[in-house]
Amino acid sequence: MEVERGHIKAFAEAIEDPNPLWNDENVARQKLSTGMMAPPTFLRFIRTERLQELPEDFPYNRSLDGGSQWEYFESVKPGDRIKAVTTVTDLYKKSGKLGEMIFVLTTTTYTNQFNKLVATQTNTSIRY
Amino acid sequence: MHQTLYWEDVTVGTEIPPLVKNPSNRQLVRYAGVSGDFYEIHYDKDFAISTGLNGIIIHGALKQAFLGQLITDWIGPTGTLKKLSAQYRGMDEPGSPLICKGKVVKTYVHNHLHFVDCEIWIENSKGQQFTPGSATVLLPIKPRD
């Protein structure tokens, strides 16, 4: 998926983060020679296909986000083409306030058009 | 103008200047739009209640974005964020302020690069801390004369 400058700015506006690095190309260029870049959690919007590892009839439709860990290797700039690949790394059951809950741990790797690893995100999704 | 934050400026216990955010229903809808997360628990109260929640809740990823801002405001353009994590242990609702806070827990040098580890968290208006996390940043060192 291609990263568009306008989308970076719209994302920054939505999270109400006025940092010029993700809002204004001219000001960003005065601060960093590489210019505008995406804020830390921007890649979140890039969705991968439905996870192959989960069965078709996975009976838990409701979900909550349990947490997310990012590791960054390269900055993301307008014009980059990012590919996201998600795999399930763990799956376990727990009982809690909402009854029986399934914890689904996934890791997503994001690579750019130069085949460079840009970031990884490990996510915990709670299905119930 | 942002003053450069150098690795030598921080030590274990250094507090990160707090960041106050005021998430509203409107912001949640806007965030749903740009992030592509249209799960109804973030903007449809009846739907949220039908899933067992008390009302609409703030996206965990939006709270993580607030923590990202806490760190990037602090380190400025010369610092580099290497790791950012957050756990969503409780529900925060829109309509009251969230205060993002953090402090330095470790400073170290690895492969000639100067790192700082931080503990970060968000406090809601009731003083509850539902969003603990951590961050690792790379900072420049002071130029030698």
Mind telling me which of A:Arg47, A:Arg29, A:Arg62 comes out most flexible in a GNM of chain A, alpha-carbon contacts under 10 Å?
A:Arg62
From a point 7 Å beyond the Cα of B:Ile49 in the direction of its Cβ, which residues of the range B:21-35 have a backbone N at a distance under 18 Å?
B:25
Per-residue HN-Hα couplings for the range B:4-16 [Karplus 6.51, -1.76, 1.60; θ = phi - 60°; Hz; x = Gly/Pro]:
4, 8, 9, 4, 5, 6, 10, 8, 4, x, 4, 8, 7
In the range A:63-104, which residues give up 40 Å² or more of accessible area once the other protein chains are added, compared with their chain alone (1.4 Å probe)?
A:Leu64, A:Asp65, A:Ser68, A:Trp70, A:Tyr72
If the chain between A:Thr89 and A:Met1 were fully stretched, how many nm would it gain, using 0.36 nm times the residue separation less the Cα-Cα distance?
29.3 nm
The answer for the net charge of residues other than B:Gly79 whose Cβ lies under 14 angstrom from its Cβ, with Lys and Arg +1 and Asp and Glu -1, is 0
Around A:Thr108 (Cβ within 10 Å, Cβ-to-Cβ, excluding A:Thr108; K/R +1, D/E -1) the net charge comes to +2
Using a Gaussian network model of chain A with C-alpha springs under 10 Å, which one of A:Pro59, A:Pro78, A:Pro40 is most mobile by mean-square fluctuation?
A:Pro59
Nonlocal Lys pairs with alpha-carbon distance under 29 Å, the range A:5-127 (8 or more apart, or different chains)
9
Output the 0 to 90 degree angle, nearest 10, between the alpha-carbon long axis of helix A:5-14 and the longest principal axis computed from the alpha carbons of chain A.
60
Nitroxide proxy distance, nm - points 7 Å out along Cα→Cβ at A:Thr109 and A:Ser63
2.1
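With every protein chain left in place, what is the accessible area per residue of the range A:5-127 in square angstrom, probe 1.4 Å?
52
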Rg in Å to one decimal, and Dmax rounded to a whole Å, for the protein assembly as shown via C-alpha atoms:
18.8, 67
Whole-number D in µm²/s for chain A (Stokes-Einstein; Kirkwood sum over Cα pairs; 4 °C, 1.567 mPa s)
80
With charges only on Cβ, +1 for K and R and -1 for D and E, what is the dipole size of the protein assembly as shown about its Cα centre, in debye, rounded to 20?
220
Using the heavy atoms of the protein chains and a 1.4 angstrom probe, tell me the accessible area per residue for chain B in square angstrom.
50
So what's the net charge close to B:Ser125: Lys and Arg +1, Asp and Glu -1, counting the other residues with Cβ under 11 Å from its Cβ?
-2
GNM result for chain A, Cα springs below 10 Å: residue of A:Thr86, A:Thr111, A:Thr41 fluctuating most strongly:
A:Thr41
Eight or more residues apart or on different chains, and alpha-carbon atoms under 20 Å: count the Lys pairs in the range B:1-88 matching that.
4
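The values are calculated or read from the model by the stated rules, or taken from the named source; none is laboratory data. The structure displayed is predicted, hence computed values, not measured ones. Note that we place each Cβ from the backbone using ideal geometry, even for glycine, and neighbour counts take in every protein chain shown. Side chains included, ligands, DNA and RNA excluded: accessible areas come from the protein's heavy atoms. Shrake-Rupley method; radii C 1.70, N 1.55, O 1.52, S 1.80 Å.
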